[in-house]
1. Using amide H atoms built 1.01 Å from N in the peptide plane, name the residues 5+ places from residue 55, or on other chains, whose amide H lies under 5 Å from its own.
2. How high is the relative contact order of segment 10-262, given as a whole-number percent (alpha carbon pairs under 8 Å, six or more residues apart)?
3. At residue 50 and residue 38, where each label point lies 7 Å from the Cα along Cα→Cβ, what is the point-to-point distance in nanometres?
4. Given labels modelled 7 Å from the Cα in the Cβ direction, how far is it in nm from residue 71 to residue 84?
5. Through the Karplus equation 6.51 cos²θ - 1.76 cosθ + 1.60, θ set to phi - 60°, convert the phi angles of segment 32-47 into ³J(HN,Hα) values in whole Hz; use x for Gly and Pro.
6. Modelled label-to-label distance, residue 92 and residue 158, 7 Å Cα→beta-carbon offset: nm?
7. Report the FRET efficiency, 1/(1 + (r/R0)^6), for residue 265 and residue 210, where r is their Cβ-Cβ distance and R0 is 30 Å, rounded to 0.05.
8. Give the residue list of trypsin sites (Lys or Arg not before Pro) in segment 191-261 that are DSSP loop and have at most 12 other beta-carbon atoms within 10 angstrom.
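Just so it is clear, none of the values below were taken in a lab; they were calculated from the coordinates. No experiment lies behind these values; they were computed from the predicted model shown. When we count neighbours, we look across all protein chains shown, and the Cβ atoms used for this are built from the backbone with ideal geometry, even at glycine.
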Amino acid sequence: MPRNIKIDGLLTKGKAMILACDQGFEHGPGDFNATNIDMEYVMDLALEGHYSAIAIQAGMAKAYYGLHYKDVPLIVKLNAKAGLPDPDPWSRQHTSVAYAAKLGAAAVGYTLYHGSRNENPQFVELGRIVEEAHEYGLPVVVWNYPRGSLVKDELGTDEIAYGARIAQELGADMIKLKYNGDKEGFKWILKCAGRAKVVISGGKREDERHFLQKLWEVMDAGAAGIAVGRNAWQHPKPFAFTRAMKDVIFEGKSADEAMKRLQGQ
Ligand code: FBP
């Protein structure tokens with residue numbers, strides 16, 4: 001029997017503010033500058049900003065996690081693909097659950113591209129990962145993106161909802177997906193995710209007010225939180241921006257209220 005899955009280890013007061021830093025692999029170093037290319041800069045933000053967890057690749061965990069950062073729960077990504085355009089992405093597993101556990105992971109992560117002509121092997125791979133991770137008592141966080149030549153609209157509510165349903169059926173404990181601005185549609189997406197916690201993905205750095213408004217909308221609709229990367233560690237004042245996200249996620253403040261504090265800092 002699988003052990004109890006401790007999803008609470010990824011939550012703060014029942015909500016999640018996760019820092020993601022796998023973009024160096026997924027997109028290339030162009031997402032970084034001379035300061036934030038240093039993983040310690042990002043790890044310090046996770047630790048001192050009191051993020052609920054940090055999501056990184058195994059090599060980064062091996063080099064940087066260790067004793068100093070162990071107070072931040074670790075999500076080890078088990079698969080990745082590089083950023084070259086591929087009409088039918090196939091992000092393959094390159095690291096084992098056992099190795100993630102050895103590195104101190106509180107959860108494992110897997111990116112699933114449904115709508116790719118290569119979706120089937122990814123379904124099988126994720127299914128096996130869920131079995132294995134649950135044997136270790138580790139929750140599975142699924143990065144869920146409709147992407148590939150069979151997808152009509154990567155940001156369509158129906159497409160995102162289908163992905164949430166697939167991830168739930170494959171056993172995801174937390175699902176990370178994109179918010180397309182359709183709040184009513186998002187409530188349907190949450191229903192399709194069932195008991196899995198849903199966090200939204202951050203996206204490219206954008207206007208702070210717009211970002212915080214989207215965050216408020218998904219929290220109000222019932223999301224668990226966010227897994228954010230570029231909008232946090234690319235921000236010139238990452239701690240102040242982190243505080244603004246916390247205001248919305250944990251304090252239920254509006255985007256305007258959070259902006260007022262951000263602008264005063
Ligand atoms: P961002 O907040 O920077 O978008 O990070 C979230 C994330 O899911 C990363 O974990 C991942 O590398 C990236 O987005 C994937 O983004 P894309 O949609 O460009 O493939």
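1. Under 5 Å from the amide H of residue 55: 19, 20, 21, 75.
2. Relative CO of segment 10-262 lands at 17 percent.
3. Going by the 7 Å Cα→Cβ label model, 2.6 nm.
4. Distance between the two pseudo-spin positions: 4.3 nm.
5. Listing the rounded values in order: 10, 10, 5, 8, 7, 5, 7, 4, 5, 4, 6, 5, 4, 4, 4, 6 Hz.
6. Label at residue 92, label at residue 158, 3.3 nm between them.
7. 0.95
8. When the trypsin sites (Lys or Arg not before Pro) of segment 191-261 are filtered for loop state and at most 12 Cβ neighbours within 10 Å, 195, 204 remain.
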